[in-house]
Amino acid sequence: MTPRRRWLVPYRLRILLRAAFFLLALATLGLAVSVLQQEKQLSYANYQASFRKTGEQIGATLRHPAGQLALLNPSAGAAAPGLRPLLLPFPALDFDDQQKVQQAVAMSGCLRQFGPSASLCAAIGNNPWAGGFIYVAGNVDLARLVSHRSGDEILNQSHRVRVTVSLRGRTFQWIAPFEEDPRQPGGPYAPLRGRLTGFNAADEGRKHTRPVRDFRGWMWQNAQCNEPAAGADPGTCLRNAFFSVRLPVSVLQEDLFGSDSTSERKTWPPRDLDKIRVSVVVLAPGADAVVLDSDQASAASGFSLADLAPMLLPGETLRIDKVAAPAGSAPLITLAGASDAEDASQHFLTALIRRLPVDTYDTPLAATHRIATPLGSYDVVLAGDVRSVSQSLGVVASRMSWFVGAMLLALMLAWLVIEIGIISRIKELIERADSVARTVKERSDASQPDLSDLRGDDELGVLASCLHDLLRRVREDVEREAIRTEQERDMWHAVGHEIMSPLQSLMALHGTDGGNENPSVRYVLRMQQAIRVLYGRASPSEAFQSTVLQVADIDLAAFLRNVAANAPCAGITDVVFHGAPQAVPVRADEYSLEDVVTHVLVNAQRYRLPGTSIDITLDASETSASVTIANRGPRIADDVIGTIFEYGVSDQEEAGAHGNRGQGLFVARTYMAKMGGTIVARNLDDGVAFVLTLQRGAA
């Protein structure tokens with residue numbers, strides 16, 4: 001290694017770390033710019049889709065009869081007192097058909113709301129040959145209609161409608177009382193239908209007054225009350241009444257049919273349509289009993305072209321021109337989207353976003369939709385503004401800039417911590433690592449991990465050398481632990497061999513007379529099984545967990561009676577068995593189950609109150625059998641009851657010195673699990689109960 005390279009070795013990690021942090025900072029900035037560029041592309045695509053959708057919505061709105069009504073009456077959107085007739089997108093109104101009139105005025109949006117329960121519409125048809133008529137339709141809540149008798153000169157004894165039309169300095173006024181149709185079914189709950197017979201208002205009260213010939217009108221009233229209630233009077237409760245009237249205005253008829261000039265004969269709609277005023281007054285029976293007066297009530301504004309403005313985004317403009325309009329004529333209306341009140345984005349970020357390349361971003365967005373109406377076509381020109389994309393994205397970028405700044409700050413702090421808190425202490429670490437290496441270099445082994453590729457003169461090389469030596473020491477400790485474990489296993493082997501010989505002699509001494517019913521034989525067999533379990537194992541817990549039991553069908557009732565009878569032989573007195581006399585077969589290993597019961601009884605004996613008994617209860621079902629061993633004495637603490645079945649858990653101080661290793665309940669749970677059963681501990685009011693559950697065997 002050349003002297004120059006040797007001089008550079010101690011600084012390699014420092015240079016690498018500084019370069020890594022610098023590249024991380026650049027990558028963070030690059031990632032932010034890349035995200036902004038992708039977001040700009042997505043935002044522009046979303047804006048294009050939104051722009052097309054806005055154009056389609058505006059076109060669909062204007063093609064609807066309500067939109068066509070707004071196109072034909074561009075200056076009728078503002079709310080104003082009184083009524084003025086609107087030009088309908090229909091040739092005329094079928095005024096004597098309730099359903100058709102209601103559908104026409106509702107679809108076109110001609111109805112204006114007057115108060116909470118009344119609405120009116122004044123309109124003219126777009127067909128000049130339908131006659132110079134003004135149509136008035138509306139609904140109002142009235143009590144049961146009172147009819148005017150034909151030939152009666154007094155008109156104020158019935159419900160009536162008074163209509164006034166003012167135009168070109170002239171006033172036309174009609175009074176139309178309601179005359180019930182006699183052909184309709186009668187009854188207080190029947191719907192009402194009748195004519196509105198028109199009279200000149202100036203002739204009201206005169207004798208031999210004749211109706212106006214071309215005046216036509218109808219009124220319909222619902223059969224149900226608006227707010228039905230039990231016991232409501234059908235004659236006084238309010239019902240919705242709808243009326244439709246055709247008004248013959250002679251001035252308009254003269255414009256159409258009375259002039260000698262052909263060019264003037266077809267002038268429709270009238271040029272002064274917006275100056276015509278219509279007044280509608282609905283009167284109840286009696287003098288001046290006004291129910292609705294269109295001049296006194298304020299009308300809610302209907303749909304107008306100005307209502308299209310909320311559909312526009314900031315920067316978008318909407319212009320509506322009439323096709324074939326004279327050159328130089330002003331557009332019908334021009335609307336612009338509301339601009340944001342405050343630009344929350346930072347200007348340098350907005351400038352950066354505008355410079356990010358996006359396909360077709362600089363191409364102007366514009367869309368034209370042609371709307372055909374009965375009186376001509378209109379071009380709806382929608383122009384977009386992509387600057388709103390940059391502005392909206394600039395707000396997002398301003399918020400993201402705080403996160404980017406925080407990431408850069410975190411990188412700088414991390415670099416400072418590494419530079420000051422780690423790199424500056426590498427020299428001291430090297431000295432201490434050399435000291436540790438000198439103390440552990442005793443021998444080498446070819447089987448230890450090869451760290452030669454990490455060794456060197458720099459910081460990492462020294463740490464690698466120390467790690468190599470430390471791993472060798474750990475390996476040596478593991479080898480010593482393996483030797484100690486093998487020695488323990490040999491010790492268990494020897495102990496088990498020495499104990500098994502005396503046990504074989506005891507079996508020969510007692511003989512096999514009486515079989516397993518002989519208590520001495522049973523205890524010798526249990527001792528042999530315990531030795532087999534522990535024989536050749538490294539630890540008791542491992543021995544118990546690896547035991548293989550011989551599970552078979554046994555009579556649990558007989559088994560428990562035998563345990564209760566032989567319990568005094570083991571020093572456990574007053575064990576009482578409560579069980580059915582019939583056999584209860586279960587699946588279990590008899591010796592292992594006896595160990596489980598014995599461990600539980602020993603614990604019950606240890607903690608029961610003097611002079612009390614230990615009760616064993618057997619309960620059986622079709623699929624399982626449960627054994628409850630209960631004693632009266634102190635309860636188990638709630639924070640300990642979940643751990644008493646773990647190996648080595650005991651509540652006695654210096655348990656190991658007295659032969660208590662805390663493994664009795666651990667053995668019980670292990671054996672029960674291997675026999676397919678469970679064991680749980682429960683606190684009773686006056687003691688503790690252990691519940692053993694086993695699977696039923698063949699009957």
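Read-outs throughout are calculated quantities, based only on the coordinates presented, and are distinct from any laboratory measurement. Predicted model, so just to flag it, every value in this text is computed and none were measured. Positions of Cβ are generated from backbone atoms using ideal geometry, with glycine treated the same way; all protein chains shown enter the neighbour counts.
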Ordered by packing density, taken as the mean number of other Cβ atoms within 10 Å over each peptide's residues, highest first, how do 584-597, 555-568 rank?
584-597, 555-568
Span per principal axis, largest first, for the Cα atoms of region 94-156 (Å)
38, 33, 19
Give the order of ARG63, ARG608 when sorted by the count of other beta carbons within 10 angstrom, beginning with the fewest.
ARG63, ARG608
What residues qualify as long-range amide H neighbours of ILE641, i.e. H under 5 Å apart, gap of 5 or more or another chain, H built at 1.01 Å from N?
none
Work out, step by step, the length gained on full extension between ASP272 and ALA580: first 0.36 nm times the residue separation, then minus their alpha carbon distance; give nm to one decimal.
99.9 nm
Relative frequency of Cα-Cα separations exceeding 24 Å in region 550-695, percent:
28 percent
Using modelled backbone amide H atoms (1.01 Å from N, in-plane), which distant-in-sequence or interchain residues come within less than 5 Å of ARG216's amide H?
ARG246
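In percent, how large is the relative contact order of region 550-695, given Cα pairs closer than 8 Å and 6 or more residues apart?
Relative contact order of region 550-695: 24 percent.
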So between ASN222 and ALA336, what do we pick up on full extension, going 0.36 nm a residue minus the alpha carbon distance?
36.5 nm
For region 686-694, 3J(HN,Hα) per residue [Karplus equation, 6.51 cos²θ - 1.76 cosθ + 1.60, θ = phi - 60°, Hz, x = Gly/Pro]
10, x, 9, 10, 10, 10, 9, 10, 10
Diffusion coefficient, µm² s⁻¹, Stokes-Einstein with Kirkwood Rh over alpha-carbon pairs of region 78-302 at 25 °C and 0.890 mPa s:
135 µm²/s
Give me a comma-separated list of calculated 3J(HN,Hα) values for region 320-328, in order, Karplus coefficients 6.51, -1.76, 1.60 applied at θ = phi - 60°, integers in Hz, x for any Gly or Pro.
10, 10, 7, 5, 6, 6, x, 4, x
What's the FRET efficiency of THR368 with GLN41 using the Cβ-Cβ distance as r and R₀ = 30 Å, to the nearest 0.05?
0.70
Quick query: amide H of VAL291 versus all other amide H atoms, modeled in the peptide plane; which residues come in under 5 Å with a sequence gap of 5 or more or a different chain?
VAL282, LEU283, ALA284
Arrange CYS237, CYS466, CYS569, CYS110 by Cβ neighbour counts within 10 Å, fewest through most, would you?
CYS569, CYS237, CYS466, CYS110
Label SER301 and ARG206 with points 7 Å out from Cα along Cα→Cβ: what is the distance between them in nm?
4.4 nm
How much length would be gained if the chain were fully extended between LEU17 and THR623, taking 0.36 nm per residue of separation minus their Cα-Cα distance, in nm to one decimal?
211.3 nm
Relative to the Cα centre, what is the charge dipole magnitude of region 78-302, using +1 at the beta carbon of each Lys and Arg, -1 at the beta carbon of each Asp and Glu, and rounding to the nearest 20 debye?
280 debye
